[in-house]
Amino acid sequence: MTLIKTTFNRRSFIKSSALAGGGLVIGFSWLASCKPTPEQVNNMPKEWFDINGFLKIGENGMVTIMSPNPEIGQNVKTSMPMIVADELDVDWNNVLVEQAPLNTDIFQRQLAGGSQSIRASWGGLRMAGATARHMLIAAAAEAWQVPASEITTEAGMITHIASNKSAGYGEMASKAATMEVPEEVSLKEIKDFDIIGTDRRNVDGLKLVTGKPLFGIDIQEEGMMIAMIVHPPAFGMSYKSMDAESAKSMPGIKDVFPIDVYPEGMEKQWSDGGAIAKMVAVVGETTWQCMQAKKALKVEWEKSSTLENTAGHDEALAKLLNTSTKEPARSDGNVVKAFKSASQIIERTFSAPFLAHNTMEPMNFYADVTGERAILNGPIQTPEFLEKSLASRLDMPVEKIDIQMTRMGGGFGRRLYGTFGVEAAVISQKMQAPIKLVYSREDDMTQGTYRPTYKVKYKAGLDKEGNLIAWHVKGAGSNDDLIFENRFPAGAVDNYLAEKFSLETNVTTGAWRAPRSNFIAGAEQAFIDEVAEAAGKDPIEFRLELFDRAIKSPVGDPEKNDYDPKRYAGVLKLVKEKSGWDGSMKNGAARGVSAYYCHNSYVAQVLDLAEDVNPPKVDKVWCAVDCGIVINPMAAKNQIEGGIIDGIGHATYSQMTFEDGKPQQSNFDTYRLIRHKEAPKEIESFFVDNGIDPTGLGEPSLPPIIGALANALYKATGQRHYNQPFIMEKPVLG
Amino acid sequence: MANFSLKVNGKTEQVDVDPTTPMLWVLRDHLKMVGTKFGCGIAQCGACTVHLGDNAVRSCQLPVSAVGEQSITTIEGLSENGDHPVQKAWIEEDVYQCGYCQSGQIMNASAFLKKNPNPSDEEIENAMHGNICRCGTYTRIKKAIKNAASTQSA
């Protein structure tokens with residue numbers, strides 16, 4: 001039995017009160033698991049101690065768990081309440097999950113990003129469930145005048161066997177609300193979990209399959225108008241003037257005007273990253289009318305900075321990789337000496353283009369900014385930051401700003417950057433009326449905040465026996481320096497040098513599912529494959545040798561997102577076993593292997609291409625994952641499958657390119673996304689069962705699959721793939 | 001502007017709109033039925049799929065003036081209680097992640113299964129080619145379609 005304290009530094013993570021109309025309410029902090037060290041406390045945001053989750057037990061025994069976290073498709077709305085329900089010892093069928101009522105004064109929401117939701121809230125959720133259970137037991141002990149230690153619970157029932165008494169949670173809920181919150185509570189042993197680790201279907205499933213209005217773009221309010229924007233056609237261009245006369249006179253059009261979304265001197269937040277300062281707003285009765293008016297509108301733009309080209313980005317990145325820095329990100333041993341003594345040197349350069357997020361639900365936001373208050377509602381991952389931006393832009397105290405959140409039709413990082421929320425508010429304020437801002441697909445795709453374009457150059461040295469003795473990596477990206485210097489193979493090779501560079505561009509960039517890892521994993525794992533081949537070794541055995549060495553000289557701190565070579569090797573061994581890998585390719589299918597660590601989870605994959613199919617087709621992917629305890633295997637596998645398909649798709653087909661600052665792709669006719677018949681026929685996932693606290697799965701399965709695909713394509717065709725999208729380098733997936 | 005009388009989900013609806021207005025926006029903005037989703041506006045993603053008679057069509061490319069007497073079925077009208085075999089199969093296989101594209105996927109799949117109740121993998125892949133899922137739930141969609149096919153024929 002694990003005992004955990006419900007307080008830290010005299011601040012309580014738990015509060016309780018009576019539910020109006022009878023019952024118990026437990027308020028808790030979703031981040032109570034952070035286990036801060038005394039040194040960290042002074043630097044810790046005070047909101048981390050704030051109560052931001054609620055658990056209600058009604059007199060009818062129904063348990064309601066209010067989730068303050070937005071749902072982007074990672075299934076946290078189902079998986080997180082499962083953790084509470086298990087510790088509470090309640091029947092999952094009696095649990096309702098609701099999006100928390102939206103009061104920014106009470107609910108401090110955490111950021112949905114970096115696959116951290118489950119990892120960060122694990123302890124807090126367990127504590128909440130266990131505390132409620134303890135208080136129900138205490139209430140029963142007092143009511144029945146028996147020792148609490150003799151009382152047991154199961155599936156929402158409280159029982160005292162000796163006196164043959166039992167009661168449902170609902171019957172004891174009101175009395176439990178009068179009990180003291182215990183200073184410490186005991187948590188279940190892993191073996192006693194009966195909800196955690198079982199398949200539970202999405203709590204919003206029926207709503208999703210019947211088309212209920214769940215998304216921001218579905219918002220309908222009385223008196224609401226539709227707004228659309230026209231933003232500059234190219235990066236490096238700015239608004240100059242417009243002729244809006246004919247557009248204004250079109251049916252249903254209420255107004256057309258330029259908006260200073262981000263005037264000079266406005267205090268911006270990081271979430272305003274890719275902001276476009278000035279654009280044009282079209283407001284009308286319906287979306288179609290606004291779309292027609294946009295076409296009739298004549299806007300003049302002027303050049304305000306460089307108009308960049310894809311060829312130029314490519315050249316500039318290549319140039320950076322031909323320079324050296326005096327301050328490497330990491331340097332072990334002496335690579336110069338080691339390369340001199342090497343019997344083989346392999347050097348390869350990999351690249352990848354800018355990518356758009358392309359959430360299926362285009363950016364949108366509802367805003368009602370009239371008089372002295374602002375009401376906003378929509379799909380956003382960072383409401384606190386949006387609130388601060390709005391306070392500055394609208395010159396309004398945050399207390400007057402209410403931001404509500406809807407379910408999101410995809411995120412992939414895009415909805416961390418809430419510029420569309422500011423745009424909606426500015427438009428509503430000008431109109432003095434509620435509006436719903438809706439981006440067209442073209443507005444969305446050409447607006448920026450892209451995954452950066454990257455280039456990386458690897459150089460590896462092998463000795464006569466095929467041992468890796470030197471490793472030099474140089475990476476560069478647009479507005480991003482790409483390299484995680486403390487990740488594999490740091491620690492696995494005596495002579496190691498990592499250098500990183502950032503290229504300043506005016507094409508705006510931001511986090512895109514598994515930032516940096518989404519490129520570097522595929523490049524590194526394809527390069528390792530080539531090095532293993534040069535060494536005359538099986539690619540899995542070659543990696544395992546390296547992990548053995550890293551185990552002897554560990555690098556960095558796994559708590560800080562550095563890697564643990566034992567867990568890394570663990571997933572590789574598991575995927576080897578499950579896929580029946582024997583290195584011989586006897587079964588005829590071309591196979592590739594890859595492994596990567598990011599966002600605190602470990603993933604190894606084997607990918608098989610279908611036999612004798614031209615162009616190649618992915619037949620099956622085996623995926624081994626170590627993300628600690630798996631909360632909801634059915635949902636976890638869904639995330640893994642999605643990441644694999646996403647990775648294969650973007651590496652094979654997708655790119656954003658630029659001519660004179662203008663994006664050359666603007667909709668799904670020119671920007672190719674993976675489709676049904678290009679997806680693997682089958683994906684089978686396996687989890688390492690180690691009882692370690694859970695980590696996230698929203699991102700980790702995506703990065704390595706690109707390496708597995710490149711390595712399998714090489715086996716099938718004899719061609720290595722260095723530049724994404726692979727479709728530009730034949731042959732391609734069919 | 002012109003008046004149109006439309007048969008949507010078994011009910012007659014009157015709208016006064018520009019005849020070029022795509023059914024997508026008639027449904028979403030005029031009839032306030034938002035289950036049909038906007039994804040691309042150029043018939044490339046399938047999020048806006050509805051049934052025109054028995055055929056799956058992209059409502060973003062279907063002008064209201066072209067509908068005439070034909071009946072329109074949207075995700076809201078596919079079944080009364082969300083118990084169409086395809087909807088049930090979607091729940092059973094826990095298909096969705098963000099869920100945004102799924103009403104279009106379901107509408108396309110249900111029209112397809114009506115014409116081809118016992119499809120092969122390849123036929124499913126070809127039939128569903130026009131529906132993008134950015135979350136990558138394709139393998140589950142295929143499973144759900146097979147699941148629905150077997151329930152329908154059972």
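Just so it is clear, none of the values below were taken in a lab; they were calculated from the coordinates. Note that the coordinates shown come from a computational prediction; the quantities given were computed from them, not determined experimentally. Quick reminder, even Gly has a Cβ in these numbers, built from the backbone with ideal geometry, and neighbours come from all protein chains shown.
Over chain A, Cα pairs under 8 Å with separation of 6+ residues give a relative contact order of 13 percent. For region A:599-610, the Karplus equation 6.51 cos²θ - 1.76 cosθ + 1.60, evaluated at θ = phi - 60°, returns couplings of 6, 6, 10, 10, 9, 10, 9, 10, 10, 10, 8, 4 Hz by residue, with Gly and Pro reported as x. Helical runs assigned H by DSSP (4 residues or longer) give chain A a calculated mean residue ellipticity at 222 nm of -8500 deg cm²/dmol, each run adding -39500 (n - 2.57) before division by the residue total. Remark: the residue A:295-residue A:717 segment gains 147.2 nm on full extension, using 0.36 nm per residue and subtracting the alpha carbon distance.
Taking the Cα centre of the protein assembly as shown as origin and charging only Cβ (+1 Lys, Arg; -1 Asp, Glu), how large is the dipole, in debye to the nearest 20? Intermediate values should be presented prior to the final figure.
Values: 92 positive and 109 negative charges, 215 e Å.
The calculation lands at about 1040 debye.
Please arrange B:20, A:131 by how many other C-beta atoms lie within 10 Å of their C-beta, fewest to most. Working shown, then result.
On the way: B:20 11, A:131 25.
The fewest-first ordering by Cβ neighbours comes to B:20, A:131.
Hydropathy at least 0.0 by Kyte-Doolittle, axial extent at least 27 angstrom from the Cα trace: which helices of chain A, defined as entire DSSP H runs, fit?
On the way: long enough: A:117-144 (40 Å, 0.40); A:633-653 (29 Å, -0.05).
Passing helices, by number: A:117-144.
Sort A:553, A:324 so that the residue with the fewest other Cβ atoms within 10 Å of its own Cβ comes first and the one with the most comes last. Spell out each step's value before the answer.
Numbers: A:553 13, A:324 10.
If I rank by nearby Cβ atoms, fewest first, I get A:324, A:553.
The residue list B:135, B:101, B:117 was ranked by how far each Cα lies along the charge dipole of region B:85-153 toward its positive end, using unit charges on Cβ atoms, and B:101 comes out on top.
Excluding same-chain neighbours fewer than eight residues apart, the lysines reachable from residue A:400 by a Cα-Cα span under 18 Å are A:388, A:430.
First select every other residue whose beta carbon is under 9 angstrom from the beta carbon of residue B:139; then total the charges, Lys and Arg +1, Asp and Glu -1. It would help to have the intermediate numbers written out before the result.
On the way: positive: A:681, B:140, B:142, B:143; negative: A:641, A:682.
For residues surrounding residue B:139, the net value is +2.
The length gained on full extension between residue A:309 and residue A:260, counted as 0.36 nm times the residue separation minus their Cα-Cα distance, comes to 14.9 nm. Applying the Karplus relation 6.51 cos²θ - 1.76 cosθ + 1.60 with θ = phi - 60° to region B:106-112 yields 3J(HN,Hα) values of 5, 5, 5, 5, 5, 5, 5 Hz, where x marks Gly and Pro.
Just to confirm my numbers, what's the Cα centroid distance between region A:501-574 and region A:298-370 in Å? About 19 Å separates the Cα centre of region A:501-574 from the one of region A:298-370. Applying a threshold of 22 Å to the alpha-carbon distances of A:681/B:146; A:500/A:552; A:268/B:37; A:319/A:500; A:677/B:142; A:212/B:114 flags A:500/A:552; A:268/B:37; A:212/B:114 as lying beyond it.
Charge dipole of region A:131-208 (Cα centre as origin; +1 on each Lys and Arg Cβ, -1 on each Asp and Glu Cβ, all else neutral): 320 debye, rounded to the nearest 20. The residue list A:269, A:309, A:320 was ranked by how far each Cα lies along the charge dipole of region A:262-325 toward its positive end, using unit charges on Cβ atoms, and A:309 comes out on top. Dividing the convex hull volume of the alpha carbon atoms of region B:2-77 by its residue count gives 75 Å³ per residue. Considering only B:40, B:81, B:57, the residue lying farthest towards the positive end of the dipole of chain B is B:40, judged by Cα position with unit charges set on Cβ.
Suppose we keep just the DSSP beta bridges with both residues in chain A; what percent of those would be antiparallel, to 5? Looking only at bridges with both residues in chain A, the antiparallel portion is about 75 percent.
Taken about its Cα centre, region B:85-153 carries a charge dipole of roughly 140 debye when the Cβ of each Lys and Arg holds +1 and the Cβ of each Asp and Glu holds -1. Across region B:75-88, coupling constants 3J(HN,Hα) worked out from phi with the 6.51/-1.76/1.60 Karplus curve, θ = phi - 60°, read 4, 5, x, 4, 8, 6, 10, x, 10, 4, x, 5, 5, 5 Hz, and Gly and Pro carry x.
What is the extension gain from residue A:2 to residue A:432, computed as 0.36 nm multiplied by their sequence separation minus the C-alpha to C-alpha distance, in nm to one decimal?
On the way: separation 430, 0.36 × 430 = 154.80 nm, distance 5.63 nm.
Using 0.36 nm per residue and subtracting the Cα-Cα distance, I get 149.2 nm.
Which of rounded, prolate, oblate describes region A:293-426, given a ≥ b ≥ c as roots of the alpha-carbon gyration tensor eigenvalues and a/c under 1.5 marking rounded, otherwise prolate only if a/b is larger than b/c? Prolate is the answer for region A:293-426, as a/c is 1.5 or above and a/b outweighs b/c.
Can you pull a Stokes-Einstein diffusion coefficient for region B:85-153 at 20 °C (1.002 mPa s), Rh from Kirkwood over Cα pairs, as a whole number of µm²/s? Display every interim value, and only then the final one.
Details: Rh = 11.6 Å.
Stokes-Einstein gives a translational diffusion coefficient of 185 µm²/s.
Shape of region A:199-247 from its Cα gyration tensor (a ≥ b ≥ c, root eigenvalues): rounded if a/c is under 1.5, otherwise prolate when a/b > b/c, or oblate?
Details: a/c = 5.41, a/b = 2.18, b/c = 2.49.
Verdict is oblate for region A:199-247.
Where the alpha-carbon atoms of the protein assembly as shown are placed on the principal axes, they occupy 83, 78, 65 Å, in descending order.
May I ask you to sort A:193, A:412 by Cβ crowding, counting other Cβ atoms within 10 Å and putting the fewest first? All intermediate terms of the calculation are to be shown ahead of the outcome.
Numbers: A:193 16, A:412 26.
Final ranking by Cβ density, sparse to dense: A:193, A:412.
Can you give me the convex hull volume of the Cα atoms of region A:646-705, divided per residue and expressed in Å³? Taking the convex hull of the Cα positions in region A:646-705, it is 120 Å³ per residue. Taking amide H as placed 1.01 Å from N in the peptide plane, the amide H of residue A:499 sits under 5 Å from that of A:329, A:473, A:474, A:475, each at least 5 places away or on another chain.
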